[in-house]
Amino acid sequence: MKVKTLQPLTWCLTALLAVLPATLAAQTASPVSTSAEVEALKTQLSEQQKQIDMLKLALEDQKKLLEHLSNAAPAAGAPTAAGSSSSAQDNQNFTLPSKTLGQVASATPVLPPASPAPVPVPRSVLAAAQQPAASSANPCEAPLDTANVPPYLRLGSVCVVPIGFMDATFVSRDVNAQSVIGSNFGSIPYNNNVQAKLNEARFSIANSRLGFRIDGNWKGWHFIGYNEFDFLGTSGANNITVTNGAVVPRIRLYWIDARKDKVEFLAGQSWSMLTPNRSGISALPVDLFFSQSIDVSYVAGLTWSRQPGMRVLYHPAKEWTLGFSAENPEQYGGGSLGGSGITLPAAYTPLSGTQINTGNEVLAAPTVNPDFIAKIAYDPGTRAHFEIGGVERTFKIESPGLTQHSTNKGAGLLFGMNVDVWRTLRIISTNFWSDGGGRYLTGQAPDFIVRPNGSISPVKADGSVDGFEAVVKNTLLYGYWGGIVARRNTAIDTNGSLVGFGFKGAPNTMNRAINEITFGFNQTMWRNPRYGAINLMGQYYWAQRSLWYVAAGPKGAHDDTIFMDIRYTLPGSMPNF
């Protein structure tokens, strides 16, 4: 403590003692009109005299304190012991006056109350006070660490992380399936078809992605906003690849999630809850399994969709997550990505493209209810994940002549797991069995057929993906087998012809099974948390499709495809919530 700290207080006390006697003299000299006033004045003078005496005592205490500090203070410029500005002995010898100014004042104080004289603060306390403040409940409101550049942006009380990568993809196929960089598994040409004599080789940047993620805490709720789009949208222009390699952006993901304690809500367009998870029932892409493939159609047999919906999750324990969602429905009759389409009875052909989506319509088919999905996930640790789920669907059509309508249900069951066999090797298996769930198998099987009497009959369709993922130094290796099987479901029309799916004489788009074997690598060539990463990737797959009926010639078709990709990924990561 410095001696100058107490000097102003001493000056104030001295000035007060000089003023008070004059005040008392003036009050004594003033005339009094009554004996009562005289007595009151005497009482007041007595009280003020007591205050003067107490102030004198306080002044003496202050003088003694000044003398003590003057003797204890080191000479100017003299060094002090490391780690102390006032030694521990000074702190022990230092004593506050017996009374403070606020305590000696009367009910109507002459001087305003003052705080006790400050006690010297040890250097260790000062050093602690100069440290950055501890993180608040919301890391996005905590002081920034100026020593490091944060890998996220601050916007008000939320953190924003840019999401995205820039892709340059090359694909080569030994047949022309007209697939671009997303494989049309259902339209691989036969060996006796002219397209089987042509090759397909092209470059594309359409799989590049941009987006952002927003995180924050508010009143105990942790919320995430997620947006992501790529450039795989379709355009009505037919000449965009002749002189200009233009691509069209499309929304992939656009959702918000909020969680407090054990309850969690999500709304927006996300990966369907039927999509296999790697962890819990999270909607974040890093917690989902849609393979490591470069192919934007992923793997044949994978159960997935990206669609609008709402879900509620409950976390009864750290290892368990229960989820229920209502997601966008669509009555699907086949035809997407070269997939199998159904044959309608003659009286119900107007339903194609109006009441039944044939793969070319966007939210055109009328529907009764959302698709309801339930799922349970169990994660005993970071090295294992198990899940089971199911979907319930409702179909409804109205006859063109308004003579009758038909309603029926569809359902599917999902089971998946991924387990680390060793620290760097993970085994994955996901399986889906359905009666009316073909649209969730990359659209490679229809949901139902329509019988001549107008009734709806779901088509049984199953899918599976099994494989491994391994890390060797800075390279990820993977291999999967995937398969889809669509069951026969037929009826006889009023004119005697066969209709439905899988009948004799059916068109060659009706696939009975699709199988794929694929493997690839993803090598991190360079990575820096502040600048991003560059990866070199490669994938090969062999795919085969088998038909329900072929009039003549080969009974199947196969495709050998190679992908190569160079990717730059943007930097960024969230603080630890």
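The values are calculated or read from the model by the stated rules, or taken from the named source; none is laboratory data. The model shown is predicted, which means the values in this text are computed figures rather than measured ones. Counting neighbours? That spans all protein chains shown, and the Cβs are built from the backbone with ideal geometry, glycine included. Heads up: the accessible areas ignore ligands, DNA and RNA and are worked out on the full protein's heavy atoms, side chains in. Shrake-Rupley method; radii C 1.70, N 1.55, O 1.52, S 1.80 Å.
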Given (1) small (Gly, Ala, Ser); (2) modelled with pLDDT of 95 or more; (3) open to solvent by less than 10 Å² (accessible area, probe 1.4 Å), number of the condition Gly334 does not satisfy: (2)
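Residue by residue through the range 409-430, note down the ones that are in a strand (DSSP E or B) and out of contact with any strand residue (DSSP E or B) (no Cβ under 8 Å at 6 or more places or on another chain).
Trp422
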Run Gly236 past the list (1) open to solvent by 70 Å² or more (accessible area, probe 1.4 Å); (2) in contact with a Lys or Arg (Cβ under 9 Å, 6 or more places away or on another chain); (3) modelled with pLDDT under 95 and report the number of the one that doesn't hold. (2)
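Tell me which residues, restricted to the range 276-307, are under 19 Å from Arg259 (Cα atoms), out of contact with any Pro (no Cβ under 9 Å at 6 or more places or on another chain) and not polar (S, T, N, Q).
First pass over the range 276-307, keeping only residues under 19 Å from Arg259 (Cα atoms): 277, 279-288.
Those left that are additionally out of contact with any Pro (no Cβ under 9 Å at 6 or more places or on another chain): 277, 279-287.
If the condition is that a residue be under 19 Å from Arg259 (Cα atoms), out of contact with any Pro (no Cβ under 9 Å at 6 or more places or on another chain) and not polar (S, T, N, Q), then Gly280, Ile281, Ala283, Leu284, Pro285, Val286, Asp287 are the ones that fit.
Which of the residues spanning the range 295-330 are outside any loop (DSSP other than H, G, I, E, B) and under 30 Å from Val180 (Cβ atoms)?
Arg306, Gln307, Pro308, Gly309, Glu327
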When you go through Arg278, Arg252 one by one, which is the residue that is closer than 18 Å to Asn328 by Cβ, surrounded by 14 or more Cβ atoms within 10 Å (Cβ to Cβ) and in contact (Cβ under 8 Å) with a residue 24 or more places away in the chain? Arg252
Is there a residue being open to solvent by 10 Å² or more (accessible area, probe 1.4 Å), in contact with a Ser or Thr (Cβ under 9 Å, 6 or more places away or on another chain) and among the aromatic types (Phe, Trp, Tyr) anywhere in the range 394-412? no
Do you know which residues across the range 344-394 are assigned to a loop (DSSP other than H, G, I, E, B) and either of a type in the set (D, E, K, R) or in contact with a Leu (Cβ under 8 Å, 6 or more places away or on another chain) (or both)? Leu344, Gly359, Glu361, Arg383
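Give me a count of the residues in the range 207-219 that are open to solvent by less than 60 Å² (accessible area, probe 1.4 Å), in a strand (DSSP E or B) and closer than 26 Å to Thr234 by Cβ.
Number satisfying all stated conditions: 2.
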Residue in the range 548-562 that is modelled with pLDDT of 95 or more, surrounded by 15 or more Cβ atoms within 10 Å (Cβ to Cβ) and closer than 25 Å to Leu477 by Cα present: yes
Please find, among Ser183, Ser204, Ser272, Ser208, the residue that is modelled with pLDDT of 95 or more, hydroxyl-bearing (Ser, Thr, Tyr) and touching a Ser or Thr at 6+ places or on another chain (Cβ under 6 Å). Ser272
Looking at the range 431-546, what strands (runs of 3 or more DSSP E) fall wholly within it and have at least 1 residues that are open to solvent by less than 10 Å² (accessible area, probe 1.4 Å) and more than 30 Å from Pro345 (Cα to Cα)? 460-472, 475-486, 511-528
Within the range 173-206, track down each residue that is outside any loop (DSSP other than H, G, I, E, B) and either within 34 Å of the chain's Cα centre (by Cα) or surrounded by 14 or more Cβ atoms within 10 Å (Cβ to Cβ) (or both). Arg173, Phe185, Gly186, Ser187, Gln195, Ala196, Glu200, Arg202, Phe203, Ser204
